Amino acid sequence: MPKLDALIFENVTVGEDSRIEAWVILGEPPRGYAAGELSTVIGRQAVIRSHSVIYAGNQIGDRFQTGHGVMVRELNEIGDDVSIGTHSIIEHHVKIGQRVRIHSNVFIPEYSVIEDEAWIGPNVVFTNALYPLSRDAKKTLTGPHILAGAKIGANATLLPGVIVGKNALIGAGAVVVEHVPAGKVVVGNPARVIKDVSEIEAYQLSTLA
Ligand SMILES: CC(C)(COP(=O)(O)OP(=O)(O)OC[C@H]1O[C@@H](n2cnc3c(N)ncnc32)[C@H](O)[C@@H]1OP(=O)(O)O)[C@@H](O)C(=O)NCCC(=O)NCCS
């Protein structure tokens, strides 16, 4: 297992059969914390690809995978079988369930929640401050909440605090400004419901319940 040049701080546990590639940093101390002060746990059979940085204080399940150059900030909870694609960024205090796939170049800010089996396409941007840099912006940060099995198409932008219902499908390039009901397809800017996921033939064969 090549560990060449990987920097692993104290108080980091990585489960067995994991692969940590070159130039990875694990347990980077966030501002205000000493090195090793927060424990970092990554489960077994992880694959952390080169140039990824995982801050301290993350609790991550088994079979975690990153692409190259992924950034995971501190104090997140991430379940089993989660993968995060190349150049994606997960900020702090994010909750991610089991079997979640986050594609490449995705931005997930603080206080976002992504439930089990959700799928986030490439270049998707979540937001958490409706009025950036306003007086109370930092006190009222609220990320989107993606319910189980929902799928977010490429290049979509989600406004702060929107709830995307179970198994909903967000079209490519949508700007989601309000809650999306379960099982609905939305497209456009602002995103509007156009149909039920159950009307899309291709989904009849998938795992949508
Ligand atoms: C939303 C989506 C699932 C709809 O697929 P569909 O049911 O086959 O859509 P239809 O072709 O029946 O389109 C219905 C209408 O919505 C429009 N539409 C479809 N997708 C749209 C989108 N992303 N943005 C804006 N309008 C869209 C169509 O032009 C059509 O409009 P019209 O009725 O005026 O002609 C699909 O277009 C989409 O965006 N999929 C996500 C793709 C993606 O990001 N994949 C990531 C893989 S890397």
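The values are calculated or read from the model by the stated rules, or taken from the named source; none is laboratory data. This one's a predicted model, so the numbers in the text were calculated from it and none came from an experiment. Positions of Cβ are backbone-derived with ideal geometry, glycine not excepted, and every protein chain shown enters the neighbour counts.
Okay, here's what the table says:
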| quantity | calculated |
| --- | --- |
| Odd one out for Arg135, checked against (1) closer than 23 Å to Glu110 by Cβ; (2) under 22 Å from the mean Cα position of the chain (by Cα) | (2) |
| Pick from the stretch 105-154, criterion part of a loop (DSSP other than H, G, I, E, B) and among the charged types (D, E, K, R), ranking: surrounded by the most Cβ atoms within 10 Å (Cβ to Cβ) | Glu117 |
| Filter pass, Lys139 being within 11 Å of the ligand (Cβ to nearest atom), out of contact with any Asp or Glu (no Cβ under 6 Å at 6 or more places or on another chain) and closer than 24 Å to His93 by Cα | no |
| Number of the condition not met by Leu75 [criteria: (1) closer than 23 Å to Lys138 by Cβ; (2) at pLDDT below 95] | (2) |
| Pick from the stretch 181-197, criterion within 11 Å of the ligand (Cβ to nearest atom) and under 16 Å from Gly149 (Cα atoms), ranking: surrounded by the fewest Cβ atoms within 10 Å (Cβ to Cβ) | Asp196 |
| Some residue of the stretch 174-185 being charged (D, E, K, R) and outside any loop (DSSP other than H, G, I, E, B) | yes |
| Of all residues making up the stretch 167-180, the number that are surrounded by 20 or more Cβ atoms within 10 Å (Cβ to Cβ) and either farther than 17 Å from Gly121 by Cβ or polar (S, T, N, Q) (or both) | 1 |
| Scan of the stretch 166-180 for residues that are near the ligand (Cβ under 9 Å from one of its atoms) and either on the phi > 0 side of the Ramachandran plot or of a type outside the set (A, V, I, L, M, F, W, C) (or both), ordered by number | Gly171, Gly173 |
| So Gly121, is it in contact with a strand residue (DSSP E or B) (Cβ under 8 Å, 6 or more places away or on another chain), in contact (Cβ under 8 Å) with a residue 40 or more places away in the chain and within 19 Å of Ala154 (Cα to Cα) | yes |
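Residues are listed down the side, and each one gets a yes or a no for (1) touching a strand residue (DSSP E or B) at 6+ places or on another chain (Cβ under 7 Å); (2) closer than 14 Å to Arg19 by Cβ; (3) modelled with pLDDT under 95:
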position	(1), (2), (3)
Ala34	no, no, no
Leu38	no, no, no
Ile42	yes, yes, no
Ala46	yes, yes, no
Ser52	yes, yes, no
Asn58	yes, no, no
Gln65	yes, yes, no
